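The structure appears below as structure tokens.
The values are calculated or read from the model by the stated rules, or taken from the named source; none is laboratory data. Bear in mind that the values here come from a model prediction, so they are computed numbers and not experimental data. Quick reminder, even Gly has a Cβ in these numbers, built from the backbone with ideal geometry, and neighbours come from all protein chains shown.
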Amino acid sequence: MPYFDHSATTPIHPKVLKIMMDVAQHNFGNPSSVHASGRKSNAIIEEARRTIATAIHASPSEIIFTGGGSEANNMVLWSLIQSNKKHVVTSSIEHPAILTVLEKLEPLGISFTVLPVNHQGRVNPKILEKSIQSDTGLISIMMANNEVGTIQPITELIEITHNHGIPFHSDSVQTLGKIPLSVQDVQADFMSFSAHKLYGPKGVGFLYKRKGLPLSPLIIGGGQEGKHRAGTENVSGIAGMGEAARLASENLSKRMNHLEALETVFITHLNRECHNAVINGCPNHHLPGVISASFPGYKSDILLAKLDRLGMEVSSGSACGSGSIKPSPVLEAMGISDSQNISTLRFSFGRDNTEQEVMKLVKALGQFANG
């Protein structure tokens with residue numbers, strides 16, 4: 001069954017699964033225990049930490065393991081309750097793990113400003129500059145959007161933020177393994193990641209925290225993860241994420257070239273098969289292989305169901321909001337009309353997809369949209 005929804009989740013890489021099964025079977029010790037089994041589990045965790053740090057050019061001490069990207073986002077935002085400056089600046093196309101959390105934090109004294117984006121989904125750095133207040137304690141803007149693939153002018157946004165002495169957080173879940181990524185170049189202070197977006201397991205992720213910055217724990221109990229995240233670690237999941245990060249780093253150019261080739265095939269033939277189709281997002285700054293396309297006059301849920309009957313799996317916007325025909329907030333923020341919004345599908349290709357599969361997908365879309 002052709003799967004074209006890799007922005008929602010990716011299948012576990014065979015090498016990742018092999019390592020996870022081996023760890024789960026042979027290394028059951030509690031990493032906090034001092035006996036041999038515990039030391040072995042702890043060593044596995046620390047090896048994964050070093051591998052992940054190498055993948056993003058960070059120090060191992062700057063990697064905090066979490067239960068996923070959403071938890072990593074929550075850690076940073078909830079920590080603001082302990083800060084003297086409680087105003088946050090974010091964007092209108094953030095994941096609910098940012099925007100919904102900020103809404104929940106309002107009764108606790110957190111205020112926030114939501115920046116608009118242009119029709120391509122990008123934040124204007126000049127607007128960011130004007131939004132900063134005397135009590136702004138954090139700027140949180142995602143690096144790349146999960147629905148339309150737009151990449152933000154992240155280095156400009158961070159430069160402005162740091163000129164005001166404010167820490168910068170970025171939900172970077174969609175980036176690792178898709179585009180070059182180094183914390184030495186990006187210079188963000190906090191970055192959130194999730195294993196299941198890069199052919200690793202679900203339920204595990206990590207937060208990059210630049211050395212020396214304060215961060216209050218979200219989950220309190222034991223002293224795991226440098227006292228930043230209590231709870232016995234998911235040893236096999238962390239080992240799998242470490243392997244997934246290694247593979248993503250080592251095969252980045254190959255994966256990028258493959259995704260770009262699939263994207264070219266898709267768009268070229270879509271223009272021939274579906275004359276009214278509209279591609280959303282930013283053509284010059286976007287994730288390879290992530291395409292938001294609108295089919296005016298055809299509701300996305302109907303197109304999705306027809307493709308599903310043919311064994312082709314895609315998404316109508318974000319998977320986190322699937323099952324509803326309501327307009328996507330991301331597309332709304334980009335100024336896309338409701339009629340076009342509810343006619344939009346997201347296609348996100350992966351390492352196992354072929355050009356032949358993409359051609360069949362476009363053919364099917366042409367039959368549905370022109371029928």
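Take the conditions part of a helix (DSSP H, G or I), among the basic types (K, R) and under 25 Å from S192 (Cα atoms) and apply them to R50. Does it pass?
yes
Looking at K211, is it closer than 23 Å to D5 by Cβ, part of a loop (DSSP other than H, G, I, E, B) and in the same structural domain as S91 (by TED's automatic domain parsing)?
Answer is no for this residue.
Filter segment 17-58 for residues that are more than 24 Å from the chain's Cα centre (by Cα) and under 30 Å from G311 (Cα atoms) and give the result.
Residues satisfying the conditions are K18, M21.
Quick check on this structure: which one of A239, A230 is surrounded by fewer than 16 Cβ atoms within 10 Å (Cβ to Cβ), among the hydrophobic types (A, V, I, L, M, F, W, C), within 30 Å of Q25 (Cβ to Cβ) and out of contact with any strand residue (DSSP E or B) (no Cβ under 9 Å at 6 or more places or on another chain)?
A230
Might you let me know whether segment 153-161 holds any residue that is of a type outside the set (D, E, K, R), surrounded by fewer than 21 Cβ atoms within 10 Å (Cβ to Cβ) and more than 20 Å from the chain's Cα centre (by Cα)?
yes
With the requirement that a residue be within 23 Å of L198 (Cβ to Cβ) and assigned to a helix (DSSP H, G or I), what does segment 16-39 give you?
V16, L17, K18, I19, M20, M21, D22, V23, A24
Name every residue in segment 165-205 that is of a type in the set (V, I, T) and within 22 Å of T90 (Cα to Cα), in order of residue number.
Hits for segment 165-205 are I166, V173, T175, V183, V186.
Does F4 count as surrounded by 15 or more Cβ atoms within 10 Å (Cβ to Cβ), touching a Phe, Trp or Tyr at 6+ places or on another chain (Cβ under 9 Å), outside the structural domain of K197 (by TED's automatic domain parsing) and among the hydrophobic types (A, V, I, L, M, F, W, C)?
Spelling it out, F4 is indeed surrounded by 15 or more Cβ atoms within 10 Å (Cβ to Cβ), touching a Phe, Trp or Tyr at 6+ places or on another chain (Cβ under 9 Å), outside the structural domain of K197 (by TED's automatic domain parsing) and among the hydrophobic types (A, V, I, L, M, F, W, C).
Name the residues in segment 230-271 that are among the acidic types (D, E) and farther than 14 Å from H196 by Cα, would you?
Across segment 230-271, the qualifying residues are E233, E250, E260, E263.
Got a sec? Which helices (runs of 4 or more DSSP H) wholly within segment 67-175 have at least 3 residues that are in contact with a Ser or Thr (Cβ under 8 Å, 6 or more places away or on another chain) and over 28 Å from V278 (Cα atoms)?
Passing ranges, in order: 69-78, 96-105.
Can you name every residue in segment 1-16 that is over 21 Å from the mean Cα position of the chain (by Cα) and touching a residue at least 60 places away in the same chain (Cβ under 8 Å)?
Scanning segment 1-16 gives M1, P2, K15.
Answer yes if at least one residue in segment 127-144 is among the hydrophobic types (A, V, I, L, M, F, W, C), within 24 Å of A58 (Cβ to Cβ) and surrounded by fewer than 24 Cβ atoms within 10 Å (Cβ to Cβ), and no otherwise.
yes
Counting only residues that are of a type outside the set (A, V, I, L, M) and surrounded by fewer than 24 Cβ atoms within 10 Å (Cβ to Cβ), which one in segment 178-188 is nearest to Y3 (Cα to Cα)?
Within segment 178-188, the match that is nearest to Y3 (Cα to Cα) is P180.
Is it fair to say S216 is under 30 Å from V16 (Cβ atoms), surrounded by fewer than 24 Cβ atoms within 10 Å (Cβ to Cβ) and hydroxyl-bearing (S, T, Y)?
Spelling it out, it is not the case that S216 is under 30 Å from V16 (Cβ atoms), surrounded by fewer than 24 Cβ atoms within 10 Å (Cβ to Cβ) and hydroxyl-bearing (S, T, Y).
For segment 213-244, give me each residue that is within 21 Å of I12 (Cα to Cα) and in contact with a Ser or Thr (Cβ under 6 Å, 6 or more places away or on another chain).
Result: V235, G242.
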